[in-house]
1. If Asn32 satisfies all but one of (1) outside any strand (DSSP E or B); (2) at pLDDT 95 or above; (3) more than 23 Å from Met137 (Cβ to Cβ); (4) in contact with a helix residue (DSSP H, G or I) (Cβ under 9 Å, 6 or more places away or on another chain), what's the number of the condition it fails?
2. Kindly indicate whether any position in segment 192-214 is within 25 Å of Leu57 (Cα to Cα), modelled with pLDDT under 95 and touching a Pro at 6+ places or on another chain (Cβ under 9 Å).
3. Could you give every pair whose Cβ atoms fall below 9 Å, whose first residue belongs to segment 2-29 and is assigned by TED's automatic domain parsing to the domain that holds Asp139 and closer than 17 Å to Ser67 by Cα, and whose second residue is surrounded by fewer than 17 Cβ atoms within 10 Å (Cβ to Cβ) and hydroxyl-bearing (Ser, Thr, Tyr), counting only separations of at least 6 or pairs across chains?
4. Tally up the residues in segment 68-88 that are touching a Ser or Thr at 6+ places or on another chain (Cβ under 6 Å) and surrounded by fewer than 18 Cβ atoms within 10 Å (Cβ to Cβ), please.
5. Please specify each residue of segment 47-106 satisfying the condition of being modelled with pLDDT of 95 or more, of a type in the set (D, E, K, R) and more than 18 Å from the chain's Cα centre (by Cα).
6. Can you work out which of the residues in segment 44-67 that are of a type in the set (Gly, Ala, Ser) and touching a residue at least 60 places away in the same chain (Cβ under 8 Å) is surrounded by the most Cβ atoms within 10 Å (Cβ to Cβ)?
7. How many residues does segment 83-119 hold that are in contact (Cβ under 8 Å) with a residue 40 or more places away in the chain and in a loop (DSSP other than H, G, I, E, B)?
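The values are calculated or read from the model by the stated rules, or taken from the named source; none is laboratory data. Nothing here was measured: the structure is a model prediction, and the numbers come from that model. Reconstructed Cβ throughout: ideal geometry from the backbone, glycine too, with neighbour counts over all protein chains shown.
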Amino acid sequence: MKCVISGYGYVGRATKLVALQNNIALSDIEINDPYQSMSATNWQHAKYHYVCTPTPLSNSNSHDVSSVIDALSVASAAGFSGITVIRSTMSPLDYDTLDTADNTVVWPEFLRKSSWNTDALNPLMSIVGGNDVSEFMSDHYKLPMQHVGDARTACMAKLAINSYLAARTVILHDIRKTCDALQINWNGVKATLDSDPRLGKGYWEQPGPDGEYGFGGGCLPKDTTAMSTLISHNGITDSYAAWAITKNTKIRK
């Protein structure tokens, strides 16, 4: 089973690890990344095309999917006719701008840049969206996946998760600072939060792994901003996502 990976940053590298884990031979994996002078040649025989190109924020504070469009265009021109798997992050409205086939799969990544290799093979969660994902899930059987609906649903779920985590992080900042000011045992409060099944397990630390309060990194700020734009596009003002971004800017000064 041959495949092509477009984009060879840490998402592309993580995808290669998963392909190898699921018995795709190293010799059957090609990389297409013009920025690293890597070109695939076996497009016509590839079953999967994994799109792992970066989608930074655009001037309109949504995801810039131009690299995804370019990757799809290159594949089409080269005669690829297999299953496209999009790992690049984007909103449902961004997805609507793409020229995709009915069998396209959206498989969002939930990778931390500092531990992408561990996260790739031992994910906290893995979701997939598409009209027909049965063949994809069968070929990737060693990675438990949850089918959440169509491709647009998977796009939305990724943004919802990251923006929710970002907002929760900002709330935890206020709780932690108040505990410190009142000389209350933060660890006791944190343990209580963690024990409540309604709130979810883990991710209660403030400061975070970077030693700073609020949220940082490459994903949460970008995806929360994009979610704020998506929400406002649908007529909702003063959203939780917009509040989280504004509050976080003050926290991390």
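1. (1)
2. yes
3. Qualifying pairs under 9 Å: Gly7/Tyr35; Tyr8/Tyr35.
4. Selection size over segment 68-88: 0.
5. Once the filter is applied, which keeps residues that are modelled with pLDDT of 95 or more, of a type in the set (D, E, K, R) and more than 18 Å from the chain's Cα centre (by Cα), segment 47-106 yields Lys47, Asp70.
6. That would be Ser62.
7. Residues in segment 83-119 being in contact (Cβ under 8 Å) with a residue 40 or more places away in the chain and in a loop (DSSP other than H, G, I, E, B): 13 in total.
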